[in-house]
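Peer 1: Take this structure first; my questions come after.
Every read-out reported here was derived from the displayed coordinates using simple, explicitly stated rules and does not represent laboratory data. Fair warning: this is a prediction, and the values are worked out from it, not measured in the lab. Quick reminder, even Gly has a Cβ in these numbers, built from the backbone with ideal geometry, and neighbours come from all protein chains shown.
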Amino acid sequence: MTCLRGASAAEQLIARYPQRKLRVLVVWEPILAMDWRSPSGSALARIPDQRVRQFWDPQHLVAQQLSRIAKEKPQAEPDCCVYKGNHWDEAILYTPSSKWSDRPSPLFWNGPVVKVILRLESALHALP
């Protein structure tokens, strides 16, 4: 259950920066056999911060977009976390001025979240 541990680790990281302007998107998607429905309240409660938006993506729309970005910008592609063609359990950090429509290159992209949280925090420190 590294993805649930990753959610908790992400919340701990976010909590260390209460004054930082952050926008965090947590995308839950069905990857494993047990992921047949949207996340429970206990899973969602792992990240209660108001700067976080969580949503269920049963069609893997975000994962498909990440696959397209990885093909366009292979230097940014993570070295893990693709299962049956779907990206999952990854942390991605963009600059504050990034716009999804511009297909920006991420400053950081890797996973599983619980294993890269310290490197993600270092990348977060590098932001203005």
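Peer 1: Considering segment 98-118 alone, what residues qualify as being surrounded by fewer than 13 Cβ atoms within 10 Å (Cβ to Cβ) and within 17 Å of ALA10 (Cα to Cα)? Full working, then the answer.
Peer 2: If we filter segment 98-118 for residues that are surrounded by fewer than 13 Cβ atoms within 10 Å (Cβ to Cβ), which is where we start, we get 99-103, 118.
Matches in segment 98-118: LEU118 only.
Peer 1: Next up: Of the residues in segment 13-31, how many are in contact (Cβ under 8 Å) with a residue 40 or more places away in the chain and under 16 Å from GLU90 (Cα atoms)?
Peer 2: Selection size over segment 13-31: 3.
Peer 1: Now a separate question. State which residue pairs qualify: first residue closer than 25 Å to ARG20 by Cα and inside segment 45-66, second residue among the polar types (S, T, N, Q) and part of a strand (DSSP E or B) in any location, beta carbons under 9 Å apart, and separation of 6 or more residues or different chains.
Peer 2: Matching pairs, first to second residue: ILE47/GLN54.
Peer 1: Could you list, in sequence order, the residues of segment 106-128 that are more than 8 Å from LEU93 (Cα to Cα) and either touching a Cys at 6+ places or on another chain (Cβ under 6 Å) or not aliphatic (A, V, I, L, M) (or both)?
Peer 2: ASN110, GLY111, PRO112, LYS115, ARG119, GLU121, SER122, HIS125, PRO128
Peer 1: Does at least one position in segment 93-104 carry a residue that is within 11 Å of the chain's Cα centre (by Cα) and within 21 Å of ILE31 (Cα to Cα)?
Peer 2: No, because not a single residue in segment 93-104 is within 11 Å of the chain's Cα centre (by Cα) and within 21 Å of ILE31 (Cα to Cα).
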